[in-house]
Amino acid sequence: MSDIGLPDGEYTAVVDGVEDGLATVFFERDGEEVGNAVLEAARLPSDARHADAVLAVTLSGGRIEAASYEPEETTTRAEAAQDRFDRLSRRPPSDEDG
């Protein structure tokens, strides 16, 4: 698999999706997205091979040296996303709702 192309260090990784054995993963550092990569899903912990899974990863030499699934952070982010969706889906009342 190819080089991820990010400097060595600690990152938060978020799985965007898994399809045909490949995972699209976005990498964050200090709350900002800094890059993404398509990886073999087998390179991720088995419990993190699903959309929206959050991982703590260490990159070394452009490759994942260590990765651990963060179930609490995964749940927190999912709940925050649902809350945003719920707020956005509430439309203001129209004149007809009176």
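Taking the Cα centre of the chain as the origin, how large is its charge dipole in debye, to the nearest 20, when only Lys and Arg (+1) and Asp and Glu (-1) carry charge on their Cβ atoms?
Dipole about the Cα centre, nearest 20: 140 debye.
Before I look further, what does the stretch 9-88 give for accessible area per residue, probe 1.4 Å, in whole square angstrom?
59
Check which residues have an amide H placed less than 5 Å from Val34's amide H, if you skip close sequence neighbours.
Here Phe27, Glu28, Arg29 satisfy the definition.
Tell me the angle of helix 71-89 to the major Cα principal axis of the chain, expressed in degrees between 0 and 90 and rounded to the nearest ten.
Tilt of helix 71-89: around 30 degrees.
Over the chain, what is the relative contact order in percent, taking alpha-carbon pairs closer than 8 angstrom and at least six residues apart?
Here the relative contact order equals 26 percent.
Probe radius 1.4 Å, ligands and nucleic acids ignored: give me the carbon and sulfur share of the accessible area of the stretch 9-88 as a rounded percent.
The C+S portion of the solvent-accessible surface of the stretch 9-88 is 46 percent.
If packing is taken as the mean number of other Cβ atoms within 10 Å per residue, what is the order of 60-66, 33-39, highest first?
33-39, 60-66
Debye sum, Cα scatterers, the chain, no solvent: what log₁₀ I/I(0) at q = 0.11, 0.17 1/Å?
With one equal scatterer per Cα and no solvent, log10 I(q)/I(0) is -0.38, -0.73.
The values are calculated or read from the model by the stated rules, or taken from the named source; none is laboratory data. What you are looking at is a predicted structure, and each value in this text was computed from that prediction instead of being measured. Note that we place each Cβ from the backbone using ideal geometry, even for glycine, and neighbour counts take in every protein chain shown. In case anyone asks, the SASA skips ligands and DNA or RNA and just uses the protein heavy atoms, side chains included. Shrake-Rupley method; radii C 1.70, N 1.55, O 1.52, S 1.80 Å.
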